[in-house]
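Reviewing the structure listed below.
Where a number appears in this text, it was derived from the coordinates with a stated rule and is not lab data. As the structure is a prediction and not an experimental result, all values here were calculated from the model. When we count neighbours, we look across all protein chains shown, and the Cβ atoms used for this are built from the backbone with ideal geometry, even at glycine.
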Amino acid sequence: MINKPFGDLAIFDGTPIFTNKLHVGCPNIGNRERLLYRINDILDRRWLTNNGIYVQEFEQRIADFIGVKHCIATCNATVALEIAIRAAGLKGEVIVPSFTFIATAHALQWQEITPVFCDIDPQTHNIDPNKIFQSITPHTTGILGVHLWGRPCNVEVLSEIAHTYNLKLIFDAAHAFGCSHQGRMIGSFGDAEVFSFHATKFLNTFEGGAIVTNNDELAAKIRLMTNFGFAGIDNVIYIGTNGKMHETSAAMGLTGLESLEEFVAINYRNYQQYKQELQSIAGLRLINYDKTEKCNYQYIVLEIDENDFGISRNYLVEILQAENVIARRYFYPGCHNMEPYRSYFPYNKLLLPETEKLVNRVLCLPTGTALKPEDISKICQIIKLVAANSCELSKVKFYSHI
C-alpha cells in the first residue's frame, strides 16, 4: 500500500502488491553451473587478471558477434569511454546529448574536455543531427553520440557531419549490445563504440565494458592505454591506466553470451505484454522498436503526458515505488542540470527545450529474466488503477520523496 499519500482514497488493500522489490535493471543471470565451472577453473589456474584466457575468449566472441576487427574489454564502460576519448585525440570541445547517463559527460570533463550539450529529437530521444551545426566551433574536435534504449543514432548523418568538419565520431553504445542498424550490428560505426556490461545491462560481466573498433592503429593505442602503456615486460611506451577486465568478469560475460537468445526472447515477451496491457491508457506512450532490426528490448520506456494521464510522472513513480515497483526517471534531470555543468552553463536550459520536456516525461519499468508474466500484469494493473483514479489522486496533498 501507498503509506497514505492518497489520504482516504482506498484503491489498494493496505499492503504492497509486491513483497520483494522489482527493480529496473535487475541482472540477467545465465547458466549458474557453467559460471561456477569457469570460476573454479580460474581459481585452479590461479590467473585472475592480466589478459587471461577468459578475457581473450570474451573479446574474440564479442568481436565476432559484432563483426569488428578489435574488441578491448575493460573494467567498466566509464573508463572505456575515457580511454577511447583520449586515444582518439579528442580535446577542446565535444558535442554530446544531455539526455544520457552522467558518465557520458563526465568521461569528457574528467579529461578537461568541455561537453557541449546538444538537444535531442523528441521522437527518437537520440541526439538531433540538425542541432549539431549550431554547436560546432573552432574548438570542436568530436561528436559523442548515444544509442539510447538500444535504438541507433542517425549514424549516416552524424558520419557525414564528422567527415565534413573533420571531427572524430565515437558512440556510447551502453544500451545497444545485440542491436543493429540497417543490418549492421551496433559497434561497427564511427571511430570506436563503447559497450557497458554493468550489472544493469542486457549482457553483464558483473561490472565491465568494452571498446570495439575497426581501426588498427586506434585499437593498438587503446590496448596500451588499458594496461599502463606496457608493450611487453618492463617496457612502457605510452601513457596509460589500469582499465583491464579481470577473469571472473569475463567468465560471467561468456556465460551470459551463451544465454543471449533466451534473454532477448524474455525481454521481447515482456515488451509485448506491456504494450498490449497498457495500450489503451490515455496520456501514456510506450516507445516502439523497429522490428526489422535486431534489438535487445532491455528498456520498457514510457512517456507520461500529465495533461492526458491526469497526474505527473513523478507522482506515478512514487506510487509504483510504494508498491515495491522501483521504476526509474531516466535521465532526470538531464546532465546539463547536474554539477558541475549546471554552474558552468547556466543558460543551457534555453538551448535544450526538447531535453527539458523529456526529462520530466520519461519512466522506465522493470523487465528482464527476473520478471514473470504475472508480475507485469500486476504492474500494469497498478498503472491502470492510477489512471482510472487520476482525478481523485490529483486532489490529494502529495509529499514527494524523489
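List of remarks:
- Read-out mean projected area of the Cα convex hull in nm², derived from the coordinates shown; its label in [x] 20.7; [y] 25.2; [z] 26.7: [x]
- Across all Cα atoms of the range 32-258, the radius of gyration (one decimal) and Dmax (whole number) stand at 17.4, 57 Å.
- Coupling constants for the range 144-156 follow from the phi torsions by the Karplus curve (6.51 cos²θ - 1.76 cosθ + 1.60, θ = phi - 60°), and in residue order they are 10, x, 10, 7, 6, 6, x, 8, x, 4, 6, 4, 5 Hz; glycine and proline get x.
- Karplus-based coupling profile of the range 86-92, in residue order and whole Hz: 5, 5, 6, x, 6, 7, x, with θ = phi - 60° in 6.51 cos²θ - 1.76 cosθ + 1.60 and x standing for Gly or Pro.
- Total lysine pairs in the range 260-393 at Cα distances under 19 Å, for residues eight or more apart or on different chains: 7.
- Nonlocal amide H pairs with Val362, under 5 Å, H built at 1.01 Å: Ile304
- The alpha carbon centroids of the range 186-222 and the range 268-290 are separated by 30 Å.
- Cut-off 11 Å between beta-carbons: net charge of the residues surrounding Asn28, Lys and Arg +1, Asp and Glu -1: 0
- Basic side chains Lys and Arg get +1 at the Cβ, acidic Asp and Glu get -1 at the Cβ, and with that the dipole of the range 32-258 about its Cα centre reaches some 280 debye.
- Leading residue at positive end of dipole, the range 18-142 (Cβ point charges), from Ile72, Asn50, Thr141: Asn50
- Within a Gaussian network of the chain (alpha carbon springs, distance under 10 Å), most fluctuating of Ile170, Ile300, Ile382: Ile382
- Take each peptide in 278-286, 214-222, count the other Cβ atoms within 10 Å of every residue, and average; sorted highest first, the result is 214-222, 278-286.
- Most tightly packed first, judged by the mean number of other beta-carbon atoms within 10 Å of their residues, the peptides 64-70, 227-233 read 64-70, 227-233.
- Cα centre as origin, Lys/Arg/Asp/Glu Cβ charges: the chain dipole, Debye: 400 debye
- Nearest 10 degrees, 0 to 90: helix 247-258 Cα axis against the chain principal axis: 60 degrees
- Packing order of peptides 344-351, 201-208, highest average first: 201-208, 344-351 (average count of other Cβ atoms within 10 Å over each peptide's residues).
- When DSSP beta bridges are restricted to pairs lying wholly in the chain, around 55% turn out antiparallel.
- Sequentially through the range 349-363, phi angles give Karplus couplings (6.51, -1.76, 1.60; θ = phi - 60°) of 4, 6, 9, 10, x, 6, 5, 4, 5, 5, 5, 9, 10, 7, 9 Hz, Gly and Pro residues having no value and appearing as x.
- Pairwise centroid distance, computed over Cα atoms, of the range 110-149 with the range 251-265, Å: 32 Å
- Cα coordinate range in the range 260-393, projected on the principal axes (Å, largest first): 46, 42, 27
- Projecting the Cα atoms of Ser98, Leu278, Gln381 onto the dipole axis of the chain, where Lys and Arg carry +1 and Asp and Glu carry -1 at the beta carbon, places Gln381 farthest toward the positive end.
- Charge tally around Ile83: other residues with Cβ under 10 Å, Lys/Arg +1 each, Asp/Glu -1 each, net +2.
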